[in-house]
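The values are calculated or read from the model by the stated rules, or taken from the named source; none is laboratory data. If you're wondering where the values come from, they're calculated on a predicted model, not measured in any experiment. Because the Cβ atoms are built from the backbone with ideal geometry, glycine has one as well, and the counts that use them run over all protein chains shown. SASA here: full protein model, heavy atoms, side chains in, ligands and nucleic acids out. Shrake-Rupley method; radii C 1.70, N 1.55, O 1.52, S 1.80 Å.
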Amino acid sequence: MTGFDDNAQAMALVAFTAIATVTLLLCVMTGPDRDDLDEFYTGYGSLSPMRNGLAIAGDYISAATVLGTSGVIALFGYDGVILALSTALSLLLLMFLMAEPLRNAGRFTMGDALSRRTAARSVRVTACVVTLAALLPMMLVQLAGTGQLLSFLLGFTSESVQTGCIVGVGALMISYAAIGGMKGTALIQILKIVMLLGSGAVVTVLLLDRFDWNPGALFAAAARNSGAGPAFLHPGLEYAAGPHPGLDMVSSHLAVVLGGACLPHVTMRMYTASSARQVRRSMSWAVSLVALFVLVVTVVGFGATALVGRETVAKTDAAGNTAYLLGSRAAFGTDVTVVETLLFTTVSTALFLTLLASVAGMILACANSLAHDVFATRRRELTPRREMTLARLSALAVGVPAIALATLVQHRSLQPLATLSFCLGASALCPALVYSLFWRRFTRTGLLCTLIGGTVTVLVLMPGTSLVSGTPVAAFPDADFNWFPFTTTGLVSIPAGFAFGWLGTVASGRGKTDEQRRRYEALEPGLLAGAVRRGG
């Protein structure tokens, strides 16, 4: 396969350069006017339900989701499939429970939705801080993964070249967010999801054809080549080393289901729909696409183990992040044609574009929150042109530190950072949104307690998990300050987040809760049924 690798590397380099140029031009061509906030923040809600659904799915399926989920499937079999299904379940939760109320409650940012019932600036500032805390770790995962992915695909090993890739790609992502705004990043997300699922579907067909369209044969071959035997096809393999494997699995999947649905770069897409009917139709498209992704990543993950072997996957990358590429390459067999080389180049280009689009969406969410929730809420009112300038500068202010931090963590395990993002979404943002949208007596004090308490709980517990220290695949494998019995904080921090909100509301006093109930009842038709025009 050496000739295949040489050809694929050359073609991948050309394809990466072309896709970076084309997507940047798209952002320049679709960028908003300098004083049109609605166009920058929401793209005027001009996308059709199908295109908006594609953009939502594109934001939701990050590079960490593609590479991480396929890696867990390749290394741990059944547990990885449950993780993929939890990812789909999370978007279903958003669709049926919060999509329409979020669209009606918010205008541009998470702060808009949470401050609907109270005009206090402290709520917006706190929402911005939690937004940054939840998305920055995920940005680091994507940026650091850029250097690893490009070194694997293009065959270089120099640390300075990997760092240069992170810096260059990071600058490109900042440009996407600052120049293109919501509409520009949406077009990139659409292009990404079409390429990712299209190429993934072709690989899935090729893999199934290798096993005579018999999924049972694929799973059996993967189990034989896993070194774990029948345990590969049963739950618990990933968590077997922990003291409480069953509870550990529940904790992890709670964080994914509740956290993935509430991360700000996903929820901000709800504001791009022009009506409640449009958001429902958009979410239907998004859920269908994520369901297709679950099928693709399951077959590719099992295919990597069946054809390459679990040991090879783990040796290439301890977390299994190369499994998607290894499985895709193995699908073509040993006699590789030009067409198959082109297909593999398309797969790798789709992953590269996934990295670009994922971080661009996260930078945009953080920049919007900084500009709209922090700077624009000061006593002196900002003009639309000045607020948009601040939003673009905020993209730079968020992106540059993220790039610098990514260069520092690129050679460590990135799983704790991805887990941290999901745990913060599940423990702070999820309780805050559920209470704000559906609890009549919820007060400002309760909201602040939820956001701050849930965040602090996660930040206190996370360093004590086995993902950070105490195991060979931890971020600090040579240290051991592991004291928390689970790999994620969800089992403790999620109930704590809800409890902090309840306690804060109760402590506010009867007068405050009655006042909030009256305010909620006045807003309830607009929140739940869209009976009044939303504002912000």
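Residue separation times 0.36 nm, minus the C-alpha to C-alpha distance between His244 and Asp36: what's the value?
Values: separation 208, 0.36 × 208 = 74.88 nm, distance 5.33 nm.
Gain in length upon complete extension: 69.5 nm.
Compute the Cα gyration tensor for the range 384-430, then decide on rounded, prolate or oblate, letting a ≥ b ≥ c be the square roots of its eigenvalues: rounded whenever a/c is under 1.5, prolate when a/b is larger than b/c in the other cases, and oblate in all that remain.
Numbers: a/c = 6.21, a/b = 1.46, b/c = 4.27.
In terms of gyration-tensor shape, oblate.
With R₀ set to 60 Å, the beta-carbon distance separating Ala10 from Leu503 gives a calculated FRET efficiency near 0.50.
If I stretch the segment between Ala201 and Ala18 completely, what's the gain in nm (0.36 nm per residue apart, minus their alpha carbon distance), one decimal? Walk me through the numbers before you get to the answer.
Details: separation 183, 0.36 × 183 = 65.88 nm, distance 2.28 nm.
That works out to 63.6 nm of additional length.
Order these peptides, 440-451, 492-503, by their mean beta-carbon neighbour count within 10 angstrom, highest first. Write down the numbers at each step before the final one.
Numbers: 440-451: 23.8, 492-503: 21.5.
Ranked from most to least packed, the peptides come out as 440-451, 492-503.
Placing a label point 7 Å from the Cα of Leu92 along the Cα-to-Cβ direction, the residues of the range 278-320 whose backbone N falls under 20 Å of that point are 280-299. Spacing of the modelled spin labels on Asp209 and Ala479, each 7 Å from Cα toward Cβ, amounts to 5.1 nm.
Round to the nearest 0.05 the FRET efficiency obtained for Arg517 and Arg277 when R0 = 35 Å and r is the Cβ-Cβ distance. Intermediate values should be presented prior to the final figure.
On the way: r = 29 Å, r/R0 = 0.83.
According to the calculation, E is roughly 0.75.
Between the Cα long axis of helix 490-507 and the first principal axis of the chain there is an angle of about 0°, rounded to the nearest 10. Using a cutoff of 8 angstrom between alpha carbon atoms and counting only pairs six or more residues apart, the relative contact order for the range 174-260 works out to 9 percent. Subtracting the Cα-Cα distance of Leu295 and Ala119 from their residue separation scaled by 0.36 nm leaves 58.9 nm. Taking the range 475-518 and a reference point 7 angstrom along Cα→Cβ of Val456, the backbone N atoms nearer than 12 Å belong to 500. According to the square roots a ≥ b ≥ c of the eigenvalues of the Cα gyration tensor, what is the shape class of the range 220-320, taking rounded for a/c under 1.5, prolate for a/b larger than b/c otherwise, and oblate for the remainder? Prolate, since a/c reaches 1.5 and a/b exceeds b/c.
Phi-derived couplings, Karplus 6.51 cos²θ - 1.76 cosθ + 1.60 at θ = phi - 60°, listed residue by residue for the range 219-226: 5, 5, 5, 5, 5, 5, 8, 8 Hz, with x used for Gly and Pro. Taking the protein heavy atoms of the chain in the context of the full set of protein chains, the accessible area attributed to carbon and sulfur is 64 percent at 1.4 Å. Once the Cα atoms of helix 415-424 and of the chain are each reduced to a long axis, what angle between those two axes, in degrees from 0 to 90 to the nearest 10, is obtained? Taking the Cα atoms of the chain, the angle to 415-424 is about 30 degrees.
Rounded to the nearest 0.05, what FRET efficiency is calculated for Thr316 and Leu393 with R0 set to 41 Å and r the Cβ-Cβ distance? Please list the in-between numbers first.
Numbers: r = 40 Å, r/R0 = 0.98.
Once the sixth-power term is evaluated, E becomes 0.55.
With a probe of 1.4 Å, find how much accessible area the chain has per residue, and write the answer as a whole number in Å². Before the final figure, lay out the partial values.
Values: 19990 Å² over 536 residues.
Ligands and nucleic acids excluded, the figure is 37 Å² per residue.
Within 11 Å, Cβ to Cβ, of Ala55, how many net charges do the neighbouring residues add up to if Lys/Arg are +1 and Asp/Glu are -1? If you can, show how the numbers build up before the last one.
On the way: positive: Arg51, Lys183, Lys192, Arg269; negative: Asp59.
Cβ neighbours under 11 Å give a net charge of +3.
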